[in-house]
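Right, one structure below, let's go through it.
Every number here is computed from the coordinates shown, using simple stated rules; none is lab data. No experiment lies behind these values; they were computed from the predicted model shown. Neighbour counts are summed over all protein chains in view; Cβ atoms, including those assigned to glycine, are modelled from backbone coordinates with ideal geometry.
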Amino acid sequence: MTQTSILVGIIGKTNVGKSTLFSALTMVPVKIENRPFVTLEPNVGIGYVRRECPHKILGLPRCDARNSICVDGNRFIPVKVVDVPGLIPGAHEGRGLGNKFLDSLRQADVLLHVIDASGSTDLEGRPVKPGSYDPYDDVIQIEREFDLWLASIIKSDWVRLAKTLDSMPPSDAIEKLSQRLSGLSVRKTHVIRALEESGLSNTRFMSWRDEEILLFASTLRRISKPTIIIANKADIPEAWDIIKSLVKRLEGRIVIPTSAEAELALRRAASAGLIKYIPGDEGFTIIDRARLSQAQEKALERIKAVIEKLGGTGVQRAINAAVFEALDMITVYPVEDSVKLTDSEGKILPDALLVRKGTTARELAYMVHTELGEGFLYAIEAKSRARIGADHILNDMDIVKIVSTRKKQASQ
């Protein structure tokens, strides 16, 4: 059972540390240089969200993680990550191959918008003196580019579509519009909310001008592709005042100070066996100081100061926030034995599933196997031993046994 259906997109202008963040999240080596358009194709890899493993919470000696990884009682659950090349003004019209890059984000469920919080790159991604550029402008500009690109997709063959929509009952029109946008990872609930929040739910589609289409596109982007602001390069001294200002001006948005460079260095050092570091920790331990060069030791001292100030590098917090806050996901653990917490092979808590808050027991059954859902009888929440029905809404960290008339076929 795999868990890579969630797609996290990384966007931003050039030269803000997107590739470094991608490498830190996935440990996939990519070209990282201080110049625009080093990345010419999307990079795709697997990152991990971090949760405390239930085996640790319940005092069990171990688990047998299968679709995820357990490290010192921390369960790391995979999600897909895509890093598109840097965007610049005019990207939606193809400037800098921008429309091609934006097209790579069609299926993204959530976006990490990386900005240079030190103010050391201008709107085009060129290096400038730290503190001399306001990255708030990037937030506005890049999101507008995305909105204009999305609006251009909606406007394609709009006259014909609008006539068809206006000829239908409202519920059928919403269904058809949702189907038209499904290739953008847009769901019917997103469309309904976007129509309501943009004030367009009671208007005729044929009356929409470019302004209404852009308004709908912008609202739909905000709802269907929630965005976390990654205030990168937070280790540079000029960044702190800029971040404080950003938090005030972006009230209600999630802004996470990060140092992707520090995180990447820590993960590489841990991979080389120089330090003990688990992504998301607020510190690290040097394993063998004798193996460190003087330069490496000084670099680790600098990183130590950074993570003490930030409470970590911010990178693990960023992907966790994307999945658990922006997407409102929870973690559930399906098992076949509700007492031993094992699957049919005796593996303890093998699979961790990321599901949307509000998921029911029957919906979980279908996620595990179609036949389990079709023959659903009831489920058991293992921690409380409570028997739950098909429409029972699952809670975060539930451990669930599905009882089905078709259990035998589903487990074959």
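With the contact rule set at Cα under 8 Å and sequence spacing of 6 or more, what percent relative contact order holds for the chain?
Result for the chain is 16 percent.
Mind pulling up the Rg/Rh value for the stretch 329-411? Radius of gyration and Kirkwood radius, both on Cα.
With Rh from the inverse mean 1/r over Cα pairs, Rg/Rh is 0.92.
Pairwise over distinct Cα atoms, reciprocal of the mean inverse distance: report the Kirkwood radius of the chain in Å, one decimal place.
One over the average 1/r among Cα pairs gives 23.2 Å for the chain.
Using θ = phi - 60° and the Karplus form 6.51 cos²θ - 1.76 cosθ + 1.60, what ³J(HN,Hα) does each residue of the stretch 370-375 get, whole Hz, x for Gly and Pro?
Result, ordered by residue: 3, 5, 5, x, 5, x Hz.
For a quick check: with amide H placed at 1.01 Å from N, whose amide H comes under 5 Å from VAL400's, ignoring anything fewer than 5 positions away on the same chain?
Here TYR333, VAL335, ALA382 satisfy the definition.
Contact order normalised by length for the stretch 148-222, with contacts defined as Cα pairs under 8 Å and 6 or more residues apart; what percent is it?
Once divided by the residue count of the stretch 148-222, the mean separation gives 41 percent.
Quick one: Karplus J couplings for the stretch 11-26, per residue in order, coefficients 6.51, -1.76, 1.60, θ = phi - 60°, nearest Hz, x for Gly and Pro?
Coupling constants for the stretch 11-26: 10, x, 6, 6, 6, 10, x, 5, 5, 5, 4, 4, 5, 5, 6, 10 Hz.
Return the long-range amide H neighbours of ILE275 (sequence gap of 5 or more, or a different chain), with a cut-off of under 5 Å between placed amide H atoms.
ALA270, ILE287
Pick out, from SER132, ASN232, PHE146, the residue whose Cα sits farthest towards the positive end of the charge dipole of the chain, with +1 on the Cβ of Lys and Arg and -1 on the Cβ of Asp and Glu.
Of the listed residues, the answer is ASN232.
Between ILE228, ILE69, ILE174, where does the largest GNM mean-square fluctuation fall for the chain, given springs only between Cα atoms within less than 10 Å?
Of ILE228, ILE69, ILE174, the most mobile in the Gaussian network model is ILE174.
Taking the stretch 298-390, how many lysine pairs are there with alpha carbons less than 21 Å apart, if each pair must be eight or more places apart or span two chains?
Close lysine pairs found across the stretch 298-390: 4.
Note down the magnitude of the dipole of the chain about its Cα centre, charges +1 on Lys and Arg C-beta and -1 on Asp and Glu C-beta and zero elsewhere, to the nearest 20 debye.
600
Would you list which aspartates and glutamates come within 14 Å of LYS401, measuring only between C-alpha atoms, while excluding same-chain residues fewer than 8 positions from it?
GLU336, ASP337, ASP343, ASP351, GLU363, GLU381
Dipole magnitude of the stretch 329-411 about its Cα centre, charges +1 at Lys/Arg Cβ and -1 at Asp/Glu Cβ only, in debye to the nearest 20?
Magnitude of the dipole: close to 180 debye.
Out of all DSSP beta bridges with both ends in the chain, state the antiparallel percent to the nearest 5.
Rounded to the nearest five, the antiparallel share is 60 percent.
What list do you get for SER68, SER156 if you sort them by fewest beta carbons within 10 Å?
Ascending number of Cβ neighbours within 10 Å: SER156, SER68.
Return the distance in nm (one decimal) between the two label points of a simple spin-label model at GLN107 and TYR136, each offset 7 Å from Cα along Cα→Cβ.
Placing both labels 7 Å beyond Cα along the Cβ direction yields 3.8 nm.
Can you work out ³J(HN,Hα) from phi for every residue in the stretch 138-144, in order, using Karplus 6.51 cos²θ - 1.76 cosθ + 1.60 and θ = phi - 60°, giving whole Hz and x for Gly and Pro?
Computed from phi, the couplings for the stretch 138-144 are 5, 4, 5, 5, 5, 5, 5 Hz.
Which of these, LEU327, LEU200, LEU58, has the largest mean-square fluctuation under a Gaussian network model of the chain (Cα springs below 10 Å)?
LEU58
Taking the Cα centre of the chain as the origin and placing charges on Cβ (Lys, Arg +1; Asp, Glu -1), which of LEU250, GLY375, ILE393 is farthest toward the positive end of the dipole?
Farthest towards the positive end: GLY375.
Once amide H atoms are placed 1.01 Å from N in the peptide plane, what residues at a sequence separation of 5 or more from VAL81, or on another chain, have their amide H within under 5 Å of its amide H?
VAL8, GLY45, ILE46, GLY47
For the chain, modelled as a GNM with alpha-carbon contacts under 10 angstrom, which of LEU377, LEU25, LEU310 fluctuates the most?
Answer for the Gaussian network model of the chain: LEU377.
Quick one: length gained pulling ARG356 to THR189 fully straight, 0.36 nm per residue minus the C-alpha distance?
Extra length available between ARG356 and THR189 comes to 58.8 nm.
Could you put THR342, THR313 in order, starting from the residue whose Cβ has the fewest other Cβ atoms within 10 Å?
Fewest-to-most Cβ neighbours within 10 Å comes out as THR342, THR313.
Going down the table (LYS244/LYS276; LYS56/LYS80; LYS18/LYS225; LYS56/LYS276; LYS13/LYS188), which pairs top 23 Å between alpha carbons?
Check vs 23 Å cut-off fails for LYS244/LYS276; LYS56/LYS80; LYS13/LYS188.
Quick one: THR258, THR227, fewest Cβ neighbours within 10 Å first, how do they rank?
THR227, THR258
What list of whole percents do you get for P(r) of the stretch 148-222, with Cα-Cα distances grouped in 10 Å bins up to the one holding the largest distance?
With a bin width of 10 Å, the distribution comes to 20, 65, 15.
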